[in-house]
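Beneath this line is the structure, given in structure tokens, with notes to follow.
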Amino acid sequence: MMSSLKSTLLVLALPILSAAQTTGGTLSAETQVQVFEGTCTAFIEIIESAEEGEKLVCESSDGMMYDVPLVDTAWIEEKRQSGELVSGATVLDLPENTMVDMQTWSLILSAPPGLLN
């Protein structure tokens, strides 16, 4: 068993109601979540469907991609136009309690992320 602090990940299989309410989704008792550790670089993804728009995803320091909830196309456009958000360059400032829903590969956030350049 690895005891290294950096490689230790907490995996839970229990309902997290506050996170489900925050993200607008529902989490069941079967949902597995994991503590997010490291940095995450923002990328803007174009949604090609009947409702075209953009969504924010991020790439973690270990190369995994995650959806970033709590931001919409208007937020993305505002941050991009102000120069605060540069796809592939801006690092997200995530709250300390950020988790990852391992079924949907979405971050579970208590507030929208901050942006670091």
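As a rough guide to protection, the peptides 64-77, 98-111 ranked by mean Cβ packing within 10 Å, highest first, stand as 98-111, 64-77.
Database remark: amide H of Leu115 closer than 5 angstrom to the amide H of Asp93 (H placed geometrically; neighbours at sequence offset of 5 or more, or on other chains; Pro and chain starts carry no H). For the stretch 52-117, relative contact order (Cα pairs under 8 Å, six or more residues apart, normalised by length) works out to 32 percent.
Each reported figure results from applying straightforward, stated rules to the coordinates on display, with no laboratory input. Treat the numbers as computed from the prediction; the structure is a model and nothing was measured. All Cβ positions, even for glycine, are placed from backbone atoms using ideal geometry, and neighbour counts span all protein chains on display.
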